[in-house]
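Here's the structure, in structure tokens; my notes come after.
The values are calculated or read from the model by the stated rules, or taken from the named source; none is laboratory data. As the structure is a computational prediction, the values presented were derived from the model and not from experiment. All Cβ positions, glycine included, derive from the backbone under ideal geometry; neighbour counts span all protein chains shown. Protein only, heavy atoms only, side chains kept; ligands, DNA and RNA dropped before computing areas. Shrake-Rupley method; radii C 1.70, N 1.55, O 1.52, S 1.80 Å.
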Amino acid sequence: GPAKNPIVREKIMALAGTIVLCEGSMRGKTGEFWENFPEKELMIKPNRIQSTIDLERFWKNTGDSGNSIVCSDLGTLNMAISGKKKFWVGREINVFNSLAKKLLTRLGATGIIPSIELSLNEIRELENIATLIPLVFFYPVLMVSKAYAKSSILKESNQLLKDRKNFLYKLTIDDNRIARLYNPVPVDMLFEIE
């Protein structure tokens, strides 16, 4: 797994105060991360598509572990608030202004990933930016779908789709047969960091 990869391990250990984020589809690997990086904070982000049973199972697996969670939907957010769990608000909740940020902070969010529609300058203008965690470089997920979960059309876990303008879209399928389609152009705010 990634935690045993010496290059990945070296990079993670070199970063002070690193938070290791595990996706819900990697739930079985969280113990491996915890054992390999006991001094790092572990955050767990549930799968984007969940039934009520999936959500309850996720909560049962993380509820008493001491790990924090990243809430990317209202169901997980509700569980985190009612269960008094340490949580971040993911970008999927689309926090766009100071009112949303203030409400989520009051509800207990210790970190908020703001909307990707905001520039770094607009993020700086939000009230009390200490809890904000802007994403400055990544390929956004355009679509998440379980439509092909029982189909054999999408057989491989990584594929490329080409549109009429010859843009290549990365398509991944995880262990739960959830498909994710990524934007071919990254969100890149690195030039604004200066």
Counting only helical runs of four or more DSSP H residues, what would the 222 nm mean residue ellipticity of the chain come to if each run contributes -39,500 (n - 2.57) and the total is spread over all its residues? -7500 deg cm²/dmol
Take the chain, connect every pair of alpha-carbon atoms lying under 10 Å apart with a spring to form a Gaussian network, then pick out the residue of P134, P38, P184 with the largest mean-square fluctuation. P38
Restricting to bridges with both residues inside the chain, how much of the DSSP beta-bridge set is antiparallel, in percent to the nearest 5? 50 percent
D (µm²/s, integer) via Stokes-Einstein for region 49-91, Kirkwood Rh across alpha-carbon pairs, 25 °C, 0.890 mPa s: value 238 µm²/s
Residue with peak Gaussian network fluctuation, the chain [Cα springs, cutoff 10 Å], from T62, T52, T76: T52
Please give the per residue volume of the convex hull enclosing the alpha carbon atoms of the chain, rounded to a whole number of Å³. 154 Å³
Amide H contacts under 5 Å for K45, placed H, 5+ residues apart: C22, E23, G24, V70
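Taking 0.36 nm per residue of sequence separation and subtracting the Cα-Cα distance, how much length would be gained by fully extending the chain between R124 and L107, in nm to one decimal?
4.0 nm
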A 1.4 Å probe over the protein heavy atoms gives the chain a carbon and sulfur accessible-area percentage of 55 percent
Sorted by average packing, counted as other Cβ atoms within 10 angstrom per residue and highest first, what order do 42-48, 6-12, 97-103 take? 42-48, 97-103, 6-12
Taking the Cα centre as origin and putting +1 on Lys and Arg beta-carbons and -1 on Asp and Glu beta-carbons, what dipole magnitude results for region 117-179, to the nearest 20 debye? 560 debye
Using the heavy atoms of the protein chains and a 1.4 angstrom probe, tell me the accessible area per residue for region 85-136 in square angstrom. 52 Å²
Quick check on packing: order 53-61, 87-95 by the mean number of other C-beta atoms within 10 Å, highest mean leading. 87-95, 53-61
For the chain, give the magnitude of the charge dipole about the Cα centre (Cβ charges: +1 Lys/Arg, -1 Asp/Glu; no others), in debye to the nearest 20. 580 debye
Can you work out ³J(HN,Hα) from phi for every residue in region 101-109, in order, using Karplus 6.51 cos²θ - 1.76 cosθ + 1.60 and θ = phi - 60°, giving whole Hz and x for Gly and Pro? 4, 4, 4, 5, 5, 4, 6, x, 5
Which residues among region 128-149 fall inside the zone where the amide N is under 11 Å from a point 7 Å beyond the Cα of K165, along Cα→Cβ? none
Unit charges on C-beta of K, R, D, E only; dipole of region 30-124, Debye: 380 debye
Which one of L104, L160, V185 is farthest out on the positive end of the charge dipole of the chain, using unit charges on Cβ (Lys, Arg +1; Asp, Glu -1) and the Cα centre as origin? L160
